[in-house]
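Notes follow the structure.
The values are calculated or read from the model by the stated rules, or taken from the named source; none is laboratory data. Not measured: the values here are computed from a predicted model. Cβ atoms come from the backbone with ideal geometry, glycine included; neighbour counts cover every protein chain shown. Surface areas here come from the heavy atoms of the whole protein model, side chains and all, with no ligands, DNA or RNA. Shrake-Rupley method; radii C 1.70, N 1.55, O 1.52, S 1.80 Å.
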Amino acid sequence: MATQNYIVSFEGKVSPKKTKYLVSPSFDLDVSGTLVLDETDGSKFKLIQKEFTNVMKKHLKTQLGHLDGWLKDKNKLVEEMVTKHEAIKKFGFPSTASDANALAAKNKALVTLAEQTQNLKDEYTKIVNDWAENARKQWPHICLPQALKNARAKDLKNKTWRVRAGMAIKITLVVLTIALSIAAIVLTAGTTAPIFVGLAAAGIALSGASSIAGVGVMIKNNANTEKKILENVKADVKKITEALKPLDKTKSSLAKHVTEMRGVMKLRLDSTKQLKTDIQKKKAEIGGYDSQLKLLRIELAKQGTPDKKMLAEIASREAKMVKIKKQVGSIERKMAKMDADNKAAQALLNELQDMNVQLDKISGQSANTVASNLKERLTSADGLIELSGELGGLVGGISGAHA
């Protein structure tokens, strides 16, 4: 029986479901092949074509779920990015070291989502073309046998069936502008994540005014301690001068009082040394914090639309840093004067000890004169007390706690 070639084809419209952030335009899917039919089945070709179209439509509806599923999953990804971005905006400037590390981690995770969002268009183009290629190669072999059966034609194994290749589908996924905008912002802001870690590593609690105040309070507390020690020195100087008065009538050993004086001086020198160490540590922390703020400002400047709240927060903190650096500088100058006073007082003690050793051997010198000279020299240490008055407080508005 003579045979003839027939073109069996299907032209369908593929319309993926629209999601909140992703929209796929509808596109045409063509499927065709050459079927060799004898005269008997050839007379049924129109019915075969009709049944093939019906079966393909049903199969298309089922297989469309794969594209819909992809869009749904990727929509969740974009939604997660948007939600996390909004949460980070509410998070604001980190207030503690742990907050800074947490914010850096959030930024890092957000960058990954943003990168995936920007790649969605290319990824979807590949997905659709792979899906369409599979549709052309596999679906006809699945759907034609059923179409022949419905048309009561002969089994496909008795016929020749060649599927034709189709053209690549041109499609562009539509990603909602807000999603792409946030992705762009996130990718730019992602460079600030390491800076937040740097802020945490600076060692200063990032709680705004109160954090930077901690430096001032530390210095103030140390200054108050210094003031107490200086007052003790003054009291001991008074004791020594009073102890010298008996020299008018009798000999007196000065060693005991010199030893006491040395003990007080040692405490004062140790306290001064500790204060210097504390100041140096805080200066290092301030320097690190200050540099991280500058880096953050530079990174924000690179963004198309910098975060105004963040810029305002940086400006506020920079102003506080200037203030506290001036305070530290003032304290350092006073500490330099205290060093000079400490040396003078130490020299006085050394001289007293020397005089105590030779005092019993002095002859022809009025004890009254010795006592008077010593009293004058010793009471000159009262000048040290003026320093404690200057160190009594820092510029107003700074409060906090520092153990």
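Numbers at a glance
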quantity	calculated
Using a Förster distance of 51 Å, the FRET efficiency for T172-A319 (Cβ separation, nearest 0.05)	0.55
Surface accessible to a 1.4 Å probe, per residue, for the residues of the stretch 88-155, Å²	53 Å²
Three-way shape label, the stretch 15-59, alpha-carbon gyration tensor, a/c 1.5	prolate
Nearest-0.05 FRET efficiency for T96 and L311, computed from C-beta distance (R0 25 Å)	0.75
Pairwise label distance in nanometres, N5 with K126, each label 7 Å out on the Cα-Cβ vector	3.6 nm
Distance histogram in 10 Å bins (all Cα pairs of the stretch 47-155, percent per bin)	12, 27, 19, 15, 12, 8, 5, 1
Portion, in percent, of the accessible area of the stretch 15-109 that falls on carbon or sulfur, probe 1.4 Å	54 percent
Label-point separation, A336 to N54 (7 Å along Cα→Cβ), nm	10.1 nm
Most to least accessible of L67, L187 (protein chains only, probe 1.4 Å)	L187, L67
Cross-link pairs beyond the 18 Å C-alpha cut-off, checked among K283/K309; K76/K170; K20/K74; K20/K170; K50/K149; K18/K58	K283/K309; K76/K170; K20/K170; K18/K58
Cβ-Cβ FRET estimate between S181 and E39, R0 fixed at 60 Å, reported to 0.05	0.40
Rough spin-label spacing in nm, given labels placed 7 Å along Cα→Cβ, for W161 and R297	7.4 nm
Residue-span extension gain [N134 to A105] - 0.36 nm each, minus C-alpha spacing	6.4 nm
Cα-based shape type of the stretch 98-138, given that a ≥ b ≥ c are square roots of the gyration tensor eigenvalues and the cut on a/c is 1.5	prolate
